[in-house]
Amino acid sequence: MHKISRPVNRDDSKNKSSGSAVYISDVIKPGMLAMAVKSADFQHGKINTIKKPELPEGYFYVDGKSFTGMNRASIVAQDWPFFAESEVLYFGQPVCAYTGPRIEVCEKLCIQTKIEYTPLPAVSVIEDAADFFNDYTIIKGNPDKSFKEAAQIFENQYRTGMQEQAYMEPQGMIAEFNEGKLTVYGSMQCPYYIKNSLKNAFNLDDDNVRVIQSITGGAFGGKEDYPSILAGQAAAAAIVSGKPVKIVLDRRNDMSVTPKRHPSLIKIRTAVDSEGNITAMDIDCRIDAGAYESLSGVVLERAIFISTGAYNIADVKVRGRTMKTNHIPSGAFRGFGGPQALFAADMNMYYLARKLNAAPLELKRRYLFQRGDISVTSGIFRDDIKLEEMISRVEEISDYSSKWAEYEKTSQAGDKMKGIGISFAAHGGAFTGNGEQEIIKSLVRLEWEPDKQTSAGGRLRILVSNVEMGQGASITLRKIVAEESGLPLEAIIFTNPDTDIVPDSGPTVASRTIMIVGKLIQDAAAMLKQKIEDDINSPSSVEKSYVHPPEFDWDEETFTGDAYPAYSWAVNVIEVEIDPITFEIKITGSWAVYDVGTPIDIKILEGQMQGGTAQSLGYSSIEKMQMINGKPAQVSFTDYTIPTTLDFPDTECVFIDNPYRYGPFGAKAAGELPNEGPAAAFTAAISQASGRMITEIPVTPEMLEEQLR
Amino acid sequence: MSDKLFSAGTLLPATIEEASSLIMQGFFPVGGGTDIMVRNHAMKKTGGRVKSPLFSCRRIEETTGIHTNGNILSIGSSCTLSSIIESSLCPAILAESLLSIASPGIRNIATLAGNICNASPAADSLPVLYILDAMIETAGSSGRRSIPVKEFITAPGTTSLKDDEIVVSVSFDSSICHDDAFRWYFRKVGTRAANALSKLSIAACTLVDNGIYSNFRLAVGACAPAVVRLSEAEDEINGKALDKGSELAERVIPVYTKALNPIDDQRSTSDYRRNTALKLIANLLSEGF
């Protein structure tokens, strides 16, 4: 183990666990107003009239006309309006808002606002959707030829559900507008996304928009997109009223109006030759984008780029579409298209194993990617892939193969319903496609502030736009700089980003913070170290911007080349028991082996893996979110059940050593990886235990009862 | 409302009379109050709120403590779920059902009377109280009443508690629970392992003498607008041999099938609730207690 992996205490654990951390809902500005948004209680319709109540003194009305620039948030696409205009496209869409001294009054004004609609046909499920925002096709090799020559063709389809991010702290923002300058504070992942969105919304120049992250109590992708909407709404209210305005969503409101993970429907046709070899796949991947495109195009890219999972299939055709439905726009969620694609890919291998009378692991390991293999986008896996070593390790800790053989006998005998499943997952680190080199172009800055009072002789400040949101970015980035500069950890300062101070090092997404930004600050720290050694008593600084390693090629037009510079890998084993009467599912074992390069902090990593696995198992089983006529049926933690510590066992984790040459101290992507594989391992285990081929998550007792009754 | 009413002494009445007087002045009694925030939140969209102002009953002497009077066990309405579970007087079947409610933090403040007065068809304590033939003891300005639990609960969310009344205690004959021949069963099928609401629940108890059922009682929760307990089925079972369980199941399952009328909702489906409840009953009878 590298010495940087040794755990240190998190710098944010004390204030967050003691309750002294100040979240946006705790912040009060002088003269601050409250705000409530009127959401559409209609799925799809043309707005005929909005009947507004009389405004009490000191209260203001805000809607789409309050934006002096465009009434559209900039979230990759620029189509999602802050407030609906002539048409409401989904249940819960913001229509207008009220701001004023008392929240109860604002809420009452919303209730008293009556909207009349002319109904329009609504689309609620992927199958019924005719329109799409994006339609991409990728071809690897010659799939037509392989299908023509196939001895057998298998076809199946896989479905995944919605998932709520369920961050502990609901979304919230404060906006103020003083002397032409707009300042926004709030819970967020991407300060510069919000800044750019506000510039466009109000036609403000760079100097007149400032975004400051407040302590963020969890995000999981859920604070990548919607904070831009919320910031726009609060800013409009601040500009209209001339006072600071705070909006904090309560839990039901948050769950009713914010984006969730994209549901998916993925059909896979597989060509098999006369010797039983898989020669080609034809994959049709549809994800439910909801009513606006927002960032769905990039989610789709990540899904289709990894659409054969961890398996090397020679000839592949993938078509992906982001289907337009009358739902809340789907959004970012840990894994970002990966969990859906990997579930389908891995369950399809399980399905093929059953069809071809092979043990699932036997079939899967024949196709696992190896160094030098070609990805779906015809990129090259340049680094060592240690999946065989990872299989040995997971066998050692889980005893997978012998349990699988045992349950194969007992499940056929029909008395006990036990099963075990194994899955393989790959996660491409960094922003998808040309994101890092062409769009984000990360810039970081380190500053040295001499201070003779301190034992280190001063402080080294990390200036990046990436946020601490509970994942440990603060302590891990500080560790990287401390290790490289030789300065003690206490001398390295990381504070919540303020766009007036930090350069744009990009969004806190795509497991890029350590791998991309961490490497930049490591390089900058090496340069700054020299300057400090030359003159410790003078302030100095270093800036470093991202340079894409020249060996990686990418063509954004054709989606050809290296979609990601490096991949992280996971093997998951999940063991289950199904109650033969109630079909309640008990997870009796969870094991995983990860290749994330060098762990920057083993304790942080273990936390990520435990949490990510539980989140994925929740996604696979008890986290059911239904849209009934476009309205979310589960909008509280009473009805939308996320796992507690009693639901799943701890995951026994092993990290293998495989440093990445372009990562800080060898680190690569980690945070999303544990969310990618468990769903397929779990569903394979359920399939073995129940003797049915399960192709849909979440797997609920209700669903099993219906199939097995 | 005068300011005086907000002094702690007044809002924490020590006697039933003081409580009645507060009710007459427009105050509403509350037990642990763990559902207030949840309900207010749920009612927000429609502009509704939980009735207020509230007062607490927990200082009323008569509502505190668990005691026995002969065979009758009486649980004060202000007793927290945790204190009941920990009491040596509490029968194991009741403790088991109370342990399945919420989480330790909530059980430390929530009361049994609160769970009853909420009158949710999915309330976890109710099936056990139904089979123990529990009585709800109330008091108010018009005097005292003792009401069987199944009459106390009149519909989902409503009870026969009068506006001027409070629940004083819950009582039942616990002697059966101490019989050597006593057997019991409680099973909650919830949405997750803890802090979960019921999809359905089954409570049953019986005496088994020389392999023969007597005093068999069974109740099903969350499968109809009210807890389902059927004397027709229980009569069929009483006096029959434990080892004829499969035959008994065949005979009574149609009776339960007719009575169960569960709903589809955001937590489960009607089919799952009905089929699973029936399978649990059939399995309980064929496996024996």
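Can you tell me the relative contact order of chain B? Whole percent, Cα pairs under 8 Å, sequence separation 6 or more.
14 percent
If you average the alpha carbon positions of segment B:50-119 and of segment A:435-450, how far apart do those two centres end up, in angstrom?
What the calculation gives is 60 Å, centre to centre.
Suppose only helical runs count, i.e. DSSP H with n ≥ 4. What mean residue ellipticity at 222 nm does that imply for chain A under -39500 (n - 2.57) per run, divided by all residues and rounded to the nearest 500 deg cm²/dmol?
It comes out at -8000 deg cm²/dmol, rounded to the nearest 500.
Take the alpha carbon atoms of segment A:540-601, find their radius of gyration, then divide it by 2.2 N^0.38 Å using N residues; give the quotient.
2.05
Considering only protein heavy atoms and a probe of 1.4 Å, how much of the accessible area of chain B is carbon and sulfur, as a whole percent?
51 percent
State the answer as a single residue: which of A:Leu605, A:Gln157, A:Ile642 lies farthest towards the positive end of the charge dipole of the protein assembly as shown, with beta carbon charges of +1 for Lys and Arg and -1 for Asp and Glu, about the Cα centre.
It is A:Ile642.
Return the Rg/Rh ratio of segment B:183-287 with Cα-based radii and a Kirkwood Rh.
Result for segment B:183-287 is an Rg/Rh of 0.98.
Apply 1/(1 + (r/R0)^6) to the Cβ-Cβ distance of A:Asn277 and A:Glu388, taking R0 = 22 Å, and write down the FRET efficiency to the nearest 0.05.
Approximately 0.70, to the nearest 0.05.
Got a sec? Which residues in segment A:147-185 would a label at A:Asp500 touch, if it sits 7 Å along Cα→Cβ and we count backbone N under 13 Å?
Inside the label zone: A:176-185.
If you average the sequence gap of Cα pairs under 8 Å that are 6 or more apart and divide by the length of segment B:83-149, what percent do you get for the contact order?
Contact order relative to length: 23 percent.
How big is the Rg/Rh ratio for chain A, C-alpha atoms only, Rh by Kirkwood, two decimals?
Dividing the radius of gyration by the Kirkwood radius yields 0.97.
So if I take the centroid of the Cα atoms in segment A:1-76 and the same for segment A:323-344, what is the distance between those two points in Å?
23 Å
Expressed as a whole number of Å, what is the distance separating the alpha-carbon centroids of segment A:550-570 and segment B:245-289?
Measuring centre to centre over Cα atoms gives 56 Å.
If you take the accessible area of B alone, add that of A alone, and subtract the area of the pair, what total do you get in Å², probe 1.4 Å, to the nearest 100?
2300 Å²
For labels at A:His2 and A:Val125 in the simple 7 Å Cα→Cβ model, what's the distance in nm?
A separation of 4.8 nm, rounded to one decimal place.
For the pair A:Val22 and A:Ile111, how long in nm is the line joining their label points, each one 7 Å along Cα→Cβ?
Rounded to a tenth, the inter-label distance reads 3.3 nm.
Local charge sum around A:Met703 (other residues, Cβ-Cβ under 15 Å, Lys/Arg +1, Asp/Glu -1)?
-2
Considering only protein heavy atoms and a 1.4 Å probe, what is the carbon-and-sulfur percentage of the accessible area of chain A?
About 49 percent, which is the carbon plus sulfur part of the accessible surface.
Taking the Cβ-Cβ separation of B:Ile36 and B:Glu232 as r and a Förster radius of 41 Å, what is the calculated FRET efficiency to the nearest 0.05?
0.55
Pairs of lysines 8 or more apart, or on different chains, with alpha carbons under 17 Å: count those in segment A:219-362, would you?
5
If contacts are Cα pairs under 8 angstrom and at least 6 residues apart, what is the relative contact order of segment A:436-523 in percent?
Computed over segment A:436-523, the figure is 37 percent.
What accessible area per residue comes out for segment B:50-110, rounded to a whole number of Å², with a 1.4 Å probe?
Computed with neighbouring chains in place, this is 46 Å² per residue.
What Kirkwood hydrodynamic radius, in Å, does segment B:6-173 give when the mean of 1/r is taken over all pairs of distinct Cα atoms and then inverted?
When all Cα pairs of segment B:6-173 are included, the Kirkwood radius is 16.2 Å.
Under 5 Å between amide H atoms, partner at least 5 residues away or on a different chain: which partners does B:Phe28 have, H built in plane at 1.01 Å?
So B:Phe28 has HN proximity to B:Leu54, B:Phe55.
Using 14 Å as the cut-off for backbone N distance, which residues of segment A:240-280 belong to the label zone defined by a point 7 Å from the Cα of A:Lys29 along Cα→Cβ?
Taking a point 7 Å out along Cα→Cβ of A:Lys29, the residues of segment A:240-280 whose backbone N falls under 14 Å are A:240-248.
Calculate the translational D of segment B:42-109 in whole µm² s⁻¹ from Stokes-Einstein, where the hydrodynamic radius comes from the Kirkwood formula applied to all Cα pairs, the temperature is 25 °C and the viscosity 0.890 mPa s.
174 µm²/s
Please list, in order along segment B:81-92, the HN-Hα scalar couplings obtained from phi with the Karplus expression 6.51 cos²θ - 1.76 cosθ + 1.60 (θ = phi - 60°), rounded to whole Hz, x for Gly and Pro.
After applying 6.51 cos²θ - 1.76 cosθ + 1.60, I find 4, 4, 5, 5, 4, 7, 6, 5, 7, 7, x, 4 Hz.
State the number of lysine pairs found in segment B:183-287 whose Cα atoms come within less than 16 Å, restricting to pairs 8 or more positions apart or on distinct chains.
4
Could you compute the net charge surrounding B:Asn71? Neighbours are other residues with a C-beta less than 13 Å from the C-beta of B:Asn71; K and R count +1, D and E count -1.
Net of charged neighbours comes to -3.
By how many nm would the segment from A:Arg692 to A:Lys416 grow when fully extended, if each residue of separation counts as 0.36 nm and the alpha-carbon distance is taken off?
Going from the current span to full extension adds 97.9 nm.
I need the phi-derived Karplus couplings for segment A:286-294: 6.51 cos²θ - 1.76 cosθ + 1.60, θ = phi - 60°, integer Hz, Gly and Pro marked x.
For segment A:286-294, the Karplus-derived couplings read 10, 10, 8, 7, x, 7, 10, 5, 6 Hz, x marking Gly and Pro.
In whole Hz, what ³J(HN,Hα) sequence does segment B:19-28 give by Karplus (6.51, -1.76, 1.60; θ = phi - 60°), x for Gly and Pro?
5, 4, 5, 5, 4, 4, 7, x, 8, 10
Checking the cross-link filter: which lysines have an alpha carbon closer than 20 Å to that of A:Lys386, excluding same-chain neighbours under 8 positions apart?
Counting by Cα, and skipping residues close in sequence, A:Lys386 has these lysines nearby: A:Lys364, A:Lys668.
Could you work out, for segment A:206-332, what percent of all Cα-Cα pairs fall into each 10 Å distance bin, beginning at 0 Å and stopping at the bin that holds the largest distance?
10, 30, 25, 17, 10, 5, 1, 0
Could you tally the net charge around A:Gly612, taking each other residue with its Cβ under 12 Å from the Cβ of A:Gly612, Lys/Arg +1 and Asp/Glu -1?
After counting each charged neighbour, the total is -2.
Translational diffusion coefficient of segment A:276-424 at 37 °C, 0.692 mPa s, Stokes-Einstein with Kirkwood Rh over Cα pairs, in µm²/s as a whole number.
For the chosen part, D equals 191 µm²/s.
Would you kindly state how much longer the chain becomes between A:Asp555 and A:Lys586 on full extension, computed as 0.36 nm times their sequence separation minus their alpha carbon distance, in nm to one decimal?
Additional length available on full extension: 6.6 nm.
Before rounding to the nearest 500, sum -39500 (n - 2.57) across all DSSP H runs of length at least 4 in chain B and divide by the residue total; then give [θ] at 222 nm in deg cm²/dmol.
That calculation yields -9000 deg cm²/dmol at 222 nm.
For an R0 of 41 angstrom, estimate the FRET efficiency from the Cβ-Cβ distance between A:Lys52 and B:Ile85 and round to the nearest 0.05.
Once rounded, the FRET efficiency stands at 0.20.
Please give, to one decimal in nm, the separation of the simple spin-label points placed at B:Lys162 and A:Ile439, each 7 Å out from Cα toward the Cβ.
For the pair B:Lys162/A:Ile439, the computed spacing is 7.0 nm.
Find the accessible area per residue for chain A; the probe is 1.4 Å, ligands and nucleic acids are left out, and the unit is Å².
36 Å²
The values are calculated or read from the model by the stated rules, or taken from the named source; none is laboratory data. These numbers come from a predicted model, not from an experiment. Don't worry about glycine lacking a Cβ; one is built from the backbone with ideal geometry, like all the others, and counts go over all protein chains shown. We work out accessible area using only protein heavy atoms, side chains counted, and drop any ligands, DNA or RNA first. Shrake-Rupley method; radii C 1.70, N 1.55, O 1.52, S 1.80 Å.
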